[in-house]
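Data first, discussion second: the structure below is written as structure tokens.
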Amino acid sequence: MKGTFPINKFKDIDTPFYYYNTDLLRDTLNVIRKESGKYNNFCIHYAIKANANTKLLSIIRENDFGVDCVSGWEIETAMKVGFSANKIVFAGVGKTDKEINFALDHDIFCFNVESVPELEVINQLAARKSKIARVAFRINPDVGAHTHANITTGLAENKFGISMQDMNKVIDLSLEMNNIKFVGLHFHIGSQIMDMGDFIALCNRINELQERLYARHIIVEHINVGGGLGIDYMHPNRCPIPDFTEYFATYHKHLKLRPQQTLHFELGRSVVGQCGSLISRVIYVKQGTNKQFAIVDAGMTDLIRPALYQAYHKIENISSDEPAETYDVVGPICESSDVFGKAIDLNRTHRGDFIAIRSAGAYGEIMASQYNCRPLPQSYTSDELR
Ligand SMILES: *Cc1c(COP(=O)(O)O)cnc(C)c1O
């Protein structure tokens, strides 16, 4: 089954462009609100790095979500579309003084601190402004997510977070600091996680750490478990909305929260991944020695995930109903890795056909570059093309 696209509207638009199904985005947001709302202490933040398109942000903002930012510019972008600063969390291993000052000036909800030197700088900069910075420590739980190596972040060998062994030391240090308030523990074990067992392993680890803190009479205000819930790249039509029911229930069941503690989530891919497709036109169908190529006008500059992570995206010819043939679908960029898919079955393809690369709403448009002096891709929503 193919996705449904307003092809008649596409005919007047220059390719490549991102097409966002905003009905699906709204449905997804409604499910997240409903399923997380079953538990009165769950707080949702949108991980803005997945997609910062203003059209989508203004829809996401209609929900009462906070934002997870990993740069000062993301904080600025979130505030510009109207997200309130007191629901913004700020993570990242390399926060600069300028970014920290910006976040302090706007009194964000929490810094997710990833090292001792960072903690010291935040304390100094907050002191200069006579402010108290709220901080959570990002603890590296040494839990391996069963996902691609480049998007696993919770292993000990990773650059992210503070190790479990160092946790007490860092907490002690922060308790001595006049301009730091230690309010939470933060975790994020990776992305595109489909196995709930990984989240259960994280819950168990957090329970252990909470016990250790409890023994020291420390109860933090909040636990932040990051994001990471995966989407079904193979079946974007059959499974357009991730299983948030099971996801939130897993945390409710396995994580032992203390009374008054809130549980924060930072959902990125699972919010926006399925609502986006990269739409391109076929420039040429080229016969190779042993295969045929569909050369499209979108490239790795528009969607880098296949080149960067060997990521799979479902590819459809949405113009043709002819019997399928096998193609390598490639872009025009001067790099051998500029390939969207090898040996892909597409309805027989002709110059000018529209090709949809599905499930491209997360880490697609936002990672676009201008390599080869190409313009950045445009975007259109289903609202605009009705
Ligand atoms: C990227 C990131 C997220 C979002 O991850 P998804 O897999 O897109 O849900 C959440 N928290 C932090 C700290 C991140 O870096």
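The values are calculated or read from the model by the stated rules, or taken from the named source; none is laboratory data. Computed from a prediction, not measured in an experiment: that's the story for all the values here. Counting neighbours? That spans all protein chains shown, and the Cβs are built from the backbone with ideal geometry, glycine included. Each accessible area value is taken on the protein alone, full model and side chains, heavy atoms only, with ligands, DNA and RNA left out. Shrake-Rupley method; radii C 1.70, N 1.55, O 1.52, S 1.80 Å.
Tell me the carbon and sulfur percent of the accessible area for the chain, rounded to whole percent, probe radius 1.4 Å.
Using a 1.4 Å probe with all protein chains present, the chain comes out at 50 percent carbon and sulfur.
With the cut-off at 19 Å, tell me which of the pairs Lys34/Lys55; Lys49/Lys87; Lys49/Lys80; Lys291/Lys342; Lys11/Lys55; Lys87/Lys131 have Cα atoms farther apart than that.
Flagged as over cut-off: Lys34/Lys55; Lys11/Lys55.
Could you size up the charge dipole of the range 266-314 around its Cα centre, putting +1 on the beta carbon of Lys and Arg and -1 on that of Asp and Glu, and report it in debye to the nearest 20? Let's see the in-between values first.
Working: 6 positive and 3 negative charges, 45 e Å.
Computed about the Cα centre, the dipole is about 220 debye.
Please report the relative contact order for the chain, taking Cα pairs under 8 Å with a sequence separation of at least 6, and give it as a percent rounded to a whole number.
On the way: 822 pairs, mean separation 77.1, N = 386.
It comes to 20 percent, rounded to a whole number.
Could you list the GluC sites (Glu not before Pro) in the range 12-111 that lie in coil according to DSSP, counting only those with at most 15 other Cβ atoms within 10 Å of their Cβ?
Details: sites: Glu35, Glu62, Glu74, Glu76, Glu99; in loops: Glu62.
Answer by residue number: Glu62.
Hey, got a sec? Which trypsin sites (Lys or Arg not before Pro) in the range 292-382 land in a DSSP loop and have at most 14 other Cβ atoms within 10 Å?
Those satisfying the criteria are Arg348, Arg351.
Asn63 to Arg216: FRET efficiency via 1/(1 + (r/R0)^6), r the Cβ-Cβ distance, R0 41 Å, to the nearest 0.05? Write out the running numbers ahead of the final one.
Numbers: r = 37 Å, r/R0 = 0.89.
The pair Asn63/Arg216 has a calculated efficiency of 0.65.
Which listed residue (Gln260, Ser382, Thr349) has the Cα farthest towards the positive end of the charge dipole for the range 258-386, taking +1 on Lys and Arg C-beta and -1 on Asp and Glu C-beta about the Cα centre?
It is Gln260, whose Cα lies furthest towards the positive end.
Would you mind working out the magnitude of the charge dipole of the range 1-121 relative to its Cα centre, with +1 at each Lys and Arg C-beta and -1 at each Asp and Glu C-beta, to the nearest 20 Debye?
700
Relative contact order of the range 52-120, please, whole-number percent, based on alpha carbon pairs below 8 angstrom and at least 6 residues apart.
Working: 81 pairs, mean separation 21.0, N = 69.
Relative CO of the range 52-120 lands at 30 percent.
Per 0.36 nm of contour for each residue apart, how much would the distance between Asp166 and Leu308 grow if the chain were fully extended, relative to their Cα-Cα spacing?
47.9 nm
Please arrange Leu257, Leu308 by accessible surface area, largest first, computed with a 1.4 Å probe and ligands excluded.
These residues rank, largest area first, as Leu308, Leu257.
When the solvent-accessible surface of protein heavy atoms is calculated with a 1.4 angstrom probe, in what order do Arg33, Arg269, Arg258 fall, highest first?
Numbers: Arg33 110, Arg269 10, Arg258 50 Å².
Solvent-accessible surface, decreasing: Arg33, Arg258, Arg269.
How large is the accessible surface per residue of the chain, computed with a 1.4 Å probe and reported in Å² as a whole number?
44
Over the range 90-238, calculate the relative contact order: mean separation of alpha carbon pairs under 8 Å at least 6 apart, over the residue count, as a percent.
23
Please report, to two decimal places, log10 I(q)/I(0) for the chain at q = 0.08 Å⁻¹ as given by the Debye formula with identical point scatterers on the Cα atoms and no solvent.
The Cα Debye sum returns log10 ratios of -0.45.
Positive end of the charge dipole of the chain (Lys, Arg +1 and Asp, Glu -1 on Cβ, about the Cα centre): tell me which of Phe90, Ala215, Phe293 has its Cα farthest that way.
Farthest towards the positive pole: Ala215.
Quick one: how many Å² of Leu376 are accessible to a 1.4 Å probe, rounded to 10?
90
Sort Ser369, Ser130 by accessible area with a 1.4 Å probe, largest first.
Largest to smallest exposure gives the sequence Ser130, Ser369.
Let me spell out the model: positive unit charges on the Cβ of Lys and Arg, negative unit charges on the Cβ of Asp and Glu, origin at the Cα centre of the chain. What dipole size does that give, in debye rounded to 20? Write down the numbers at each step before the final one.
Values: 41 positive and 45 negative charges, 88 e Å.
Charge dipole of the chain: 420 debye, to the nearest 20.
When a/c is below 1.5 the answer is rounded, else prolate if a/b is larger than b/c, else oblate, so apply that to the range 46-186 with a ≥ b ≥ c taken from the square roots of the Cα gyration tensor eigenvalues.
oblate
Identify the chymotrypsin sites (Phe, Trp or Tyr not before Pro) of the range 227-318 meeting these criteria: DSSP loop state and at most 16 other C-beta atoms within 10 Å of the C-beta.
On the way: sites: Tyr233, Phe244, Tyr247, Phe248, Tyr251, Phe265, Tyr284, Phe293, Tyr309, Tyr312; in loops: Tyr233, Tyr312.
Loop-located and lightly packed - Tyr312.
Compute the FRET efficiency between Asp105 and Leu175 as 1/(1 + (r/R0)^6), taking r as their Cβ-Cβ distance and R0 = 35 Å, and round to the nearest 0.05.
0.90
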